[in-house]
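Read through the structure below, which is laid out as structure tokens, and then see the notes.
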There are 2 protein chains.
Amino acid sequence: MMSLQQKASEWSGVAPENAFAIDEVNLFEKLGLQPFVDLSTAFYTRVYEDEEEWFRSIFANSKKEDAIQNQYEFFVQRMGGPPLYSQRKGHPALIGRHRPFPVTHQAAERWLHHMQQALDSIQNIDPDSKIKMMNFFRHTAYFLVAGDELKNSAQGAPCKHAAGKSAAG
Amino acid sequence: MMSLQQKASEWSGVAPENAFAIDEVNLFEKLGLQPFVDLSTAFYTRVYEDEEEWFRSIFANSKKEDAIQNQYEFFVQRMGGPPLYSQRKGHPALIGRHRPFPVTHQAAERWLHHMQQALDSIQNIDPDSKIKMMNFFRHTAYFLVAGDELKNSAQGAPCKHAAGKSAAG
């Protein structure tokens, strides 16, 4: 059986060493806080206005400002900054916290589309950091698609009728 | 509804600022790699020999040396060292990866009992670091108990007959 990491790499096309190239330099020290706030603001501004209702509706139960804060605090913490996210919310627990949402391949691609556009719109992140971040995002998005499938696995779900999901990969 | 963080704090008795006091100093830089290897080795040596069969059996499908490596690589990564865990396995995804296991209050206490004993047996960790680590472990153990309950929540589990769990807290 493929591991979460193997699925993430195969589906995203991003090898682990490229996904975690974000750790080669301390991106928070290099960039400071503001680019992370700007990026998450640009991202969720796009998401909450998405013309694709199926994608927009995934976020309908969260307030935009909360979504922005959750995201940039996680990015800051993961990319070398202070543990803002954990101090406020605990472990990132990415799979557990995405459990309520349908993290399909299609949703991952839509998320990545908006993130690429948001990243393109940000001036105060250098091109090399943008590439590192996008590889991290791409790998992580598919890591969560792999995590989403655990909901339907015999290992994770004791019920046989967990409905509505198709096998992927 | 209480958040994961609130449940972790209430059940563990460890406030978030104490749980994440591990971030006040870089414990990996302070301690080096060896104490983490020693700690996880001492911990799993106890666990795999636990006289409590119900607890020992939780780990029966994993090899002891793999369990040791997974644990110390995560600790090293989370406590300021290189991202050994993510390079090999991806995001820690603590709740997702504990999904196959029955992380009850009782299991958390047994885990913490062994970890306290393991920590007591390690010479090359100073007392202040031990207190910080134990607060982190205690909070995290109950964070995972809270995460475990998501399996039975309406939000997380579409099936009504997911059996065998009692409400806690």
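The values are calculated or read from the model by the stated rules, or taken from the named source; none is laboratory data. None of these values were measured; they are calculated from a predicted model. Glycine also receives a Cβ, built like all others from the backbone with ideal geometry; neighbour counts cover every protein chain displayed. Keep in mind that these areas ignore ligands, DNA and RNA; they rest on the heavy atoms of the full protein, side chains included. Shrake-Rupley method; radii C 1.70, N 1.55, O 1.52, S 1.80 Å.
Below are the figures for this structure:
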quantity	calculated
Leading residue by the ranking (nearest to the other protein chains (Cβ to nearest Cβ)) among those in the stretch A:58-101 that are open to solvent by 50 Å² or more (accessible area, probe 1.4 Å) and polar (S, T, N, Q)	A:Gln87
The stretch A:1-24, subset open to solvent by 60 Å² or more (accessible area, probe 1.4 Å) and outside any helix (DSSP H, G or I), residue modelled with the lowest pLDDT	A:Met1
Some residue of the stretch A:41-57 being open to solvent by 50 Å² or more (accessible area, probe 1.4 Å) and β-branched (Val, Ile, Thr)	yes
Test: residue in the stretch A:102-123 that is without any contact (Cβ under 8 Å) to a residue 24 or more places away in the chain, open to solvent by less than 40 Å² (accessible area, probe 1.4 Å) and assigned to a helix (DSSP H, G or I)	no
Residue check, B:Ile68 within 24 Å of A:Leu4 (Cβ to Cβ), touching a Ser or Thr at 6+ places or on another chain (Cβ under 6 Å) and among the aliphatic types (A, V, I, L, M)	yes
Residue pairs meeting the criteria (Cβ under 6 Å; at least 6 apart or on separate chains; first modelled with pLDDT of 95 or more, in the stretch B:41-57; second among the hydroxyl-bearing types (Ser, Thr, Tyr))	B:Ala42/B:Ser121
Cβ pairs under 6 Å, 6+ apart, first in the stretch B:131-153 and more than 10 Å from chain A (Cβ to nearest Cβ) and closer than 19 Å to B:Asp120 by Cβ, second of a type in the set (Ser, Thr, Tyr) and in a helix (DSSP H, G or I)	B:Arg138/B:Ser12
